[in-house]
1. Can you work out the PRE-style zone for GLU553? Point 7 Å along Cα to Cβ, and I want the residues of region 484-512 with backbone N under 12 Å.
2. State the Cα centre-to-centre distance between region 366-390 and region 48-119 in whole Å.
3. Could you work out the local net charge near TYR511, counting Lys and Arg as +1, Asp and Glu as -1, over the other residues with Cβ closer than 10 Å to its Cβ?
4. Among 647-657, 225-235, 283-293, how do they line up from the highest to the lowest mean number of other beta-carbon atoms within 10 Å?
5. Please list 3J(HN,Hα) in residue order for region 109-125, calculated via the Karplus relation 6.51 cos²θ - 1.76 cosθ + 1.60 where θ = phi - 60°; whole Hz, with x for glycine and proline.
6. Return the percentage of antiparallel bridges among DSSP beta bridges fully within the chain, rounded to the nearest 5 %.
7. For a bin width of 5 Å, list the pair-distance distribution of region 539-585 built from all Cα-Cα distances, rounded to whole %.
8. On full extension of the chain, what length is gained from THR15 through SER515, given 0.36 nm per residue of separation minus the C-alpha to C-alpha distance?
Amino acid sequence: MYFDRAHISDEALLTFYKTLLYPRLVEEKMLLLLRQGKITKWFSGIGQEAIAVGATLALEADEWILPLHRNLGVFTARQMPLQRLFHQWQGSSLGYSKGRERSFHFGSRAHHICGMISHLGPQLSVADGIALAHKLNAEQKVSLVFTGEGGTSEGEFHEALNVASVWGLPVIFLIENNGYGLSTPVSEQYHCEQLVQRAAGYGMRGMRINGNNLLEVYHAVKEAKGYALQEQQPVLIEAMTFRMRGHEEASGTKYIPPALLEEWAKEDPVKHFESFLQYLHLLDDERINTIREAIRQEIDRDITTALAEPAMPVSIAEELNDIYAPAPPPVAASAPVTEKRFINAISDGLRQAMEQHPNLVLMGQDIAEYGGAFKITEGFTAQFGKERVRNTPLCESAIVGAGLGLSIMGYKSMIEMQFADFVTCGFNQIVNNLAKIYYRWGQHADVVIRLPAGAGVGAGPFHSQSNEAWFTHVPGLKVVYPSTPEDAKGLLLAAFADPNPVLYFEHKALYRSISGPVPDSYYTTEIGKARVVQEGDEICIITYGSGVHWALEYVQQHPELSVYILDLRTLLPLDYDAIRIAVAATGKVLVLHEDSLTGGLGGEIAAWIAQHCFQMLDAPVIRCAGLDTPVPFAAGLEKNFLAKTRLHRDVQQLVDY
């Protein structure tokens with residue numbers, strides 16, 4: 001194996017050696033502890049250390065790296081204390097994620113490391129967002145993200161590379177090609193001769209290197225960084241290596257031909273680098289043994305200390321408190337007030353958010369010069385520029401991930417789903433990355449996702465869903481659904497002020513059909529607080545979105561009824577205090593929503609009332625909702641789908657009980 005030392009000093013070469021050796025010896029200790037039953041699981045990177053260490057050494061300490069679960073060398077090369085790392089691996093509250101995450105599924109802002117999630121691909125798009133922030137800041141920095149050869153089969157790999165190329169982002173995509181995805185060989189993962197060939201398809205530079213050669217990795221990443229910064233383009237590196245142990249220790253290596261293991265054992269990156277330094281007379285057997293023994297003693301001390309520390313008690317209050325980052329208090333509105341349509345209130349709020357937050361970036365399909373599918377951002381490009389109002393390729397998942405990357409860099413972002421139905425393409429990023437990252441390692445996800453939703457406009461099954469209930473089950477998200485122009489603006493501005501991920505549902509049928517007074521000033525409507533639309537003492541209708549207008553229309557048509565109407569406005573977290581007061585006011589409750597009945601939010605509300613307000617009830621809680629079918633296209637079928645057609649029947653059932 002040929003090593004090109006270039007201009008690296010003798011002292012630096014020895015530092016490189018110790019940095020490479022350290023994770024190997026830590027791994028050997030972990031495998032010993034695993035056999036002793038002192039740890040329960042381990043993902044070994046033995047044989048692959050040169051990639052993680054070489055790449056980390058090639059970057060500045062404040063350049064973000066997004067590693068995988070076999071990249072111990074990234075964490076140790078960034079000087080993360082082994083004692084705390086061991087707590088992390090043990091699920092201790094003294095680790096980086098308070099025991100909430102396993103192994104390397106965590107991050108650290110202090111070390112500029114962003115933790116992975118098990119789905120692998122999503123972190124590639126997060127790296128795009130970090131690089132976009134560097135580009136917006138005119139910083140000479142790159143982000144570097146790892147993936148395996150198996151991960152290149154995921155859709156997010158292709159989305160992330162495409163976005164990085166189209167936007168000219170300084171990202172280094174580093175494929176660790178170790179021959180197997182768990183037990184699936186590369187022959188069953190991809191059909192191209194080399195993964196690096198995929199770079200050409202995205203118009204980016206590709207490099208293929210020996211991943212077991214520490215200096216080759218180091219020089220390649222240095223070169224890739226220089227190119228990415230000079231050309232403002234991403235680089236794809238395929239590093240060839242081999243995994244000498246199982247995917248994780250329990251899975252073993254029986255599926256690997258013994259001859260292949262023997263062949264790659266000869267390519268051990270630590271042994272080869274040792275031999276190179278011996279050739280340069282920088283090491284001899286005695287010094288190698290001395291260095292190894294010193295590192296082993298240091299590892300033993302740290303592990304012994306960590307094992308001796310007692311477990312911290314579990315606190316339900318702390319667990320619940322760490323779901324959301326603290327949000328600012330609401331901002332009161334001031335005069336004057338102008339009559340605005342629902343759609344204009346949203347546009348007004350979005351414009352004021354851009355003025356209030358210079359670090360806010362808007363992203364979505366056709367939102368720039370075209371102004372978006374519903375023209376909400378029309379004129380924004382002229383006012384705020386294309387850097388902050390960005391058209392995106394058709395890749396919802398990658399753009400949500402990029403939003404998270406921007407958040408890591410201190411930016412706010414908005415992603416407009418052209419229709420709420422299309423959010424399925426970004427579902428993983430939302431429910432597993434955005435929603436959980438603050439709970440996992442304290443990193444907020446300052447991302448707002450706008451979702452034009454709802455039926456009533458003849459748009460058919462793929463453009464008409466009210467799919468808010470998919471997300472109200474996910475801790476860490478906030479879900480809002482305004483029904484009035486005033487709340488449409490106030491809740492949108494509150495969503496941008498909030499450092500947590502907020503899903504903002506806006507009903508398409510309300511865009512141009514509903515008008516109302518809206519303060520011209522900047523103000524926020526508090527997230528998590530319901531609104532009493534009107535008071536009454538016979539029955540209570542708890543609803544939101546289009547349901548508010550159905551309820552008001554029904555009351556106007558039936559003035560003989562005294563109806564209490566509660567507009568939830570926020571669906572996660574729910575305002576249970578307001579619900580309790582509404583139940584107490586009438587004793588008869590109807591929960592109304594446009595979404596399908598089964599699995600809709602009404603079921604959760606009814607269950608909560610039954611458990612906590614049973615003694616207040618004078619009748620069973622009734623749910624009035626959409627049919628359990630997709631939303632049909634034909635006008636008559638669509639009308640039949642909507643809960644509004646069954647509202648009178650259900651109200652009468654409640655009144656007559």
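The values are calculated or read from the model by the stated rules, or taken from the named source; none is laboratory data. From a predicted model like this one, the values you see are computed outputs, not experimental measurements. When we count neighbours, we look across all protein chains shown, and the Cβ atoms used for this are built from the backbone with ideal geometry, even at glycine. Quick note on the areas: whole protein, heavy atoms, side chains included, nothing else; ligands and nucleic acids left out. Shrake-Rupley method; radii C 1.70, N 1.55, O 1.52, S 1.80 Å.
1. Residues 509-510 qualify, since their backbone N sits under 12 Å from the label point.
2. 38
3. Working: positive: ARG341, LYS375, LYS508, ARG512; negative: GLU506.
The answer is +3.
4. Numbers: 647-657: 15.3, 225-235: 18.9, 283-293: 12.9.
So the peptides 647-657, 225-235, 283-293, ranked by packing, come out 225-235, 647-657, 283-293.
5. Result, ordered by residue: 5, 4, 10, 6, 10, 9, x, 7, 10, 5, 7, 6, x, x, 6, 4, 6 Hz.
6. 20
7. All Cα pairs considered, the percentages come to 5, 22, 29, 23, 15, 5, 1.
8. Values: separation 500, 0.36 × 500 = 180.00 nm, distance 6.80 nm.
Fully extending the segment from THR15 to SER515 adds 173.2 nm.
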